[in-house]
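The values are calculated or read from the model by the stated rules, or taken from the named source; none is laboratory data. The model shown is predicted, which means the values in this text are computed figures rather than measured ones. When we count neighbours, we look across all protein chains shown, and the Cβ atoms used for this are built from the backbone with ideal geometry, even at glycine.
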Amino acid sequence: MQRYIFNPFSILMVLILIVAAIILIPFLFLGIIGGALTNLGFSWLQAIGLILLILIGSLVNIPVTTIREAKTPHTPPRGQFAPSLYEGMYREQPPARMTQVAVNLGGAVIPVLISAYLLFHTFVVMGDQALFILAGVGVLVVTIVTHHFARPVSGVGIATPFFIPPLAALICGILLGGGGMGSVVIAYVSGTLGTLIGADLLNFRKFGDLGAPVVSIGGAGTFDGIFLSGIIAAFLA
């Protein structure tokens, strides 16, 4: 059980996420974000609950499969956004020959469910097919950008500079959404799904090269980008 419930972040990263949450919650109380989420079916209380649930859920990893250590370990390339960028951000796990692949509750399961709800509300309830397609375009763009910058970090997972996915999602939301709730939906969905696909799923074959006992989809290395993408989307409201 201890392998699947743990804090993957260093004190520095925990402080960054806490500060981001503290900045966001007052806006929820003031109704700037809560009003927008209410239009999508959430109350301001539910919005705060979701944020807290995501933060707590980041400690929980749900095991899905096990892979063996690769015979030829992968060596991350030097240069742009090398692993040194992530030093001090995440806790390095002890080496292991067998890697348990898990799905992070707060960084994958809950954000994907929220994205699915937003897409359902957009396509079925609102009947906005154009926005649904634009959200798909946003996911594709963020996936490509995130995958370009994602790097395997031994003992951690697939890491991406935390500001890349939110920035890409913000640009997609503004350019494709044209403002209002369209921008919110596109920014959140593209930031969440694009990060998970571009960083973790497209690098799934490299999980066995990392030598970590647990590699979590949506966990260390990508959770921060997904969480901040949600904040960016909320501010667009």
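For every residue, the table says whether it meets (1) within 17 Å of the chain's Cα centre (by Cα); (2) under 20 Å from residue 51 (Cα atoms); (3) among the small types (Gly, Ala, Ser).
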| position | (1), (2), (3) |
| --- | --- |
| 117 | yes, yes, no |
| 124 | no, no, no |
| 143 | yes, no, no |
| 150 | yes, no, yes |
| 158 | yes, no, no |
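Rundown of residues vs (1) of a type outside the set (Phe, Trp, Tyr); (2) at positive phi; (3) modelled with pLDDT of 85 or more, yes/no style:
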residue	(1), (2), (3)
154	yes, no, no
157	yes, yes, no
163	no, no, no
167	yes, no, yes
184	yes, no, no
191	yes, no, yes
Criterion: of a type in the set (A, V, I, L, M), buried (at least 22 other Cβ atoms within 10 Å of the Cβ) and farther than 18 Å from residue 222 by Cα - qualifying residue of 185, 124 | 185
Wholly within the range 127-237, which strands (runs of 3 or more DSSP E) include no fewer than the required count, namely at least 1 residues that are touching a residue at least 12 places away in the same chain (Cβ under 8 Å) and among the hydroxyl-bearing types (Ser, Thr, Tyr)?
-> 214-217
Within the range 191-228, which residues are out of contact with any Leu (no Cβ under 7 Å at 6 or more places or on another chain), charged (D, E, K, R) and closer than 17 Å to residue 112 by Cα?
-> 200
Please indicate, with yes or no, whether at least one residue in the range 79-96 is of a type in the set (D, E, K, R), in contact with an Asp or Glu (Cβ under 9 Å, 6 or more places away or on another chain) and at pLDDT below 80.
-> no
